[in-house]
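Below is one structure, written out as structure tokens, with a few remarks after it.
The values are calculated or read from the model by the stated rules, or taken from the named source; none is laboratory data. Remember, it's a predicted structure, so these values are computed and weren't measured experimentally. A quick note on method: Cβ atoms are made from the backbone with ideal geometry, for glycine too, and the neighbour counts reach across all protein chains shown.
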Amino acid sequence: MERPLRLVTANPLDQLARTLEALLVVASAPLPVEELVAAADDDRERVEMALGLLSERYREGRSGIVLEQVAGGWAFRASRDAAEACGRLFERPVQRGISQASLETLAIVAYLGPVTRPEIARIRGVAADSAVAGLVERGLIAEAGRDDGVGGAVKYRTTPMFERVFGLESLSQLPRLDDLAGDVDELRERLHAVAEQRSA
Amino acid sequence: MVVRELELDLDAFEGPFDLLLTLILKEELDLADVDVAGIVVRFVERLAEREELDLDACGEFLVLVAALLELKARGLFEDEAAELADLEPEEAAEELARRLAEYRRMKEAAGWLSERLAEERDRFFRVGPAPLAPQPERKLAPQEPEQLAEVIRLLAKEPPAVSLNHMALRFPPVTQFVERFRALLRRRSRFDFDSELGGLSRAEQAVAFLALLELRRADEITISQAAPFAPIRVARVGEESAAADERTLAWNARSA
């Protein structure tokens, strides 16, 4: 053979990609880019390029393992094709359905957090104690300091687990609050009508 | 102990607990005026008077007092209804509409989350404790192989047998020295203890000393020592008195 046959071109990032792969497979929580940069002892730009390479290699439909950007970092998860098999062997992080009360509480914490229980109760109009306790137990929300002052109420915020379960890269991926239908025009008119009757 | 029959003597009320509850529920008595801590103190006093702990009564009391405290707290702090009541009807309507809008948006958000959760139901990922943090590296000082071998060779060597000599103390019988001293004093009227026994071991010297004391007790000898740690002089009885006479004479001569 006159010219050597080169089927595989060695990518200069291959070694770094292998290192990142190893770090990600050991991790039990999403790894932020900064942590990967520090652990791989390489520069950020190269790490991001290598992550791009890995994302292509581990994408849905190509591999049983999917690399995704979630909860402010990078993490492996199982491909959706394998979900059924996974479900036979493992429990989902949120196995049982979440009640309406819990979902409303979760939404309030996600949008307004850190937020206290009295604040949640004020918006929902009912006590939030058991919903908050349940969400803490599921690891979807966690304590985040206290209100200022003596005996300040405990504040809650959502956890990285919440973002992971809901497949969010960050909380900014939630729909904008202004875009959600807070449309109470009809109700407002009726309320004002009642008010006029009263003051009349 | 019946909690409801607990007799109370408070500033605002005097009588059984049961009646107090009735009056409060009928709003004939303002809870804000009632000293709840006083009720608790009275109950604890009653509890202390009794020997055994009545858990049923404690439980019932706890529930009643908790309910009273909640009622009192609500009464003391202005509630939201009162806030709204202070507003003009127009303002109240606007405030209500604002709150309803806020709640409705959160309800929408909850709906979005619910849908999202259903879509993402097939997400399986590793959940677990964080892996262990790296241990700080412990660096060893640089080692010379020869030096290491030398040290190991020392360890490999059979250690010297432990001497037990000090444990084998031999105590000759006291009588042996008693006989020896008697024989000595038959030949000489006096002798010097230290020079006579100088070559013996400490144990043997100690036994010899005991023999000396034994002879002294039997009044066979006299013992004298000029000063502490000076040689001990031993003399036959009778010989010593001659020596004492000499001393007395010397003393007489000098003092004369």
| message | Could you check the stretch B:187-212 and list, in sequence order, the residues that are exposed (fewer than 11 other Cβ atoms within 10 Å of the Cβ) and within 23 Å of B:PHE171 (Cβ to Cβ)? | response | B:SER195, B:GLY198, B:GLY199, B:ARG202
| task | Would you check if there is a residue in the stretch B:61-81 being within 30 Å of A:LEU180 (Cα to Cα) and part of a helix (DSSP H, G or I)? | result | yes
| remark: Looking across the stretch A:138-159 at residues that are at pLDDT 90 or above and within 14 Å of chain B (Cβ to nearest Cβ), the single one that is farthest from the chain's Cα centre (by Cα) is A:ILE141
| query | Any residue in the stretch B:125-134 that is facing chain A (nearest Cβ under 8 Å), under 25 Å from A:TRP74 (Cβ atoms) and crowded, with 16+ Cβ neighbours inside 10 Å? | reply | yes
| field | the stretch B:19-47, residues that are of a type outside the set (A, V, I, L, M, F, W, C) and surrounded by 15 or more Cβ atoms within 10 Å (Cβ to Cβ) | value | B:GLY38, B:ARG42, B:ARG46
| task | Considering each of A:LEU174, A:LEU187 in turn, give the residue that is crowded, with 19+ Cβ neighbours inside 10 Å and outside the structural domain of A:ALA78 (by TED's automatic domain parsing). | result | A:LEU174
| query | Say we look at the stretch B:103-120 and pick out the residues that are among the charged types (D, E, K, R) and within 7 Å of chain A (Cβ to nearest Cβ); which of these is farthest from A:GLN100 (Cα to Cα)? | reply | B:GLU120
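For every residue, the table says whether it meets (1) modelled with pLDDT of 85 or more; (2) among the small types (Gly, Ala, Ser); (3) farther than 30 Å from A:GLU196 by Cβ.
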{"position": "B:ALA48", "(1), (2), (3)": "no, yes, yes"}
{"position": "B:LEU62", "(1), (2), (3)": "yes, no, yes"}
{"position": "B:GLY75", "(1), (2), (3)": "no, yes, yes"}
{"position": "B:GLU80", "(1), (2), (3)": "no, no, no"}
| task | Determine which member of the set A:ALA131, A:ALA110 is facing chain B (nearest Cβ under 9 Å) and assigned to a helix (DSSP H, G or I). | result | A:ALA110
| note | Going through (1) surrounded by 14 or more Cβ atoms within 10 Å (Cβ to Cβ); (2) in contact (Cβ under 8 Å) with a residue 24 or more places away in the chain one by one, A:ALA142 fails only at (2)
| query | Does any residue of the stretch A:148-169 turn out to be in the same structural domain as A:LEU112 (by TED's automatic domain parsing), aromatic (Phe, Trp, Tyr) and assigned to a helix (DSSP H, G or I)? | reply | yes
| remark: Looking across the stretch A:66-107 at residues that are β-branched (Val, Ile, Thr) and within 14 Å of the chain's Cα centre (by Cα), the single one that is nearest to the other protein chains (Cβ to nearest Cβ) is A:VAL94
| Can we say B:PHE124 is at pLDDT 80 or above and in contact with a helix residue (DSSP H, G or I) (Cβ under 7 Å, 6 or more places away or on another chain)? | yes
| Options A:VAL47, A:VAL70, A:VAL37: the member that is touching a Lys or Arg at 6+ places or on another chain (Cβ under 6 Å), over 17 Å from A:GLY167 (Cα atoms), not aromatic (Phe, Trp, Tyr) and not assigned by TED's automatic domain parsing to the domain that holds A:GLU143 | A:VAL37
| said: Just to be sure before I move on: is A:GLN197 within 13 Å of chain B (Cβ to nearest Cβ), polar (S, T, N, Q) and closer than 28 Å to B:GLU88 by Cα in the structure I sent? | reply: yes
| remark: Note on the stretch A:77-108: residues exposed (fewer than 14 other Cβ atoms within 10 Å of the Cβ) and closer than 25 Å to A:GLU119 by Cβ are A:SER99, A:GLN100
| Hits in the stretch B:2-53 - residues which are part of a helix (DSSP H, G or I), in contact (Cβ under 8 Å) with a residue 24 or more places away in the chain and among the aliphatic types (A, V, I, L, M) | B:VAL3, B:LEU21, B:ILE24, B:LEU31, B:ALA32, B:VAL36, B:ILE39, B:VAL40, B:LEU47
| Answer from A:ARG18, A:ARG44, A:ARG62 - the residue that is away from every other protein chain (no Cβ under 14 Å) and more than 25 Å from A:GLN173 (Cβ to Cβ) | A:ARG18
| Where residues in the stretch B:146-186 are part of a loop (DSSP other than H, G, I, E, B) and over 46 Å from the mean Cα position of the chain (by Cα), which of them is surrounded by the most Cβ atoms within 10 Å (Cβ to Cβ)? | B:PRO172
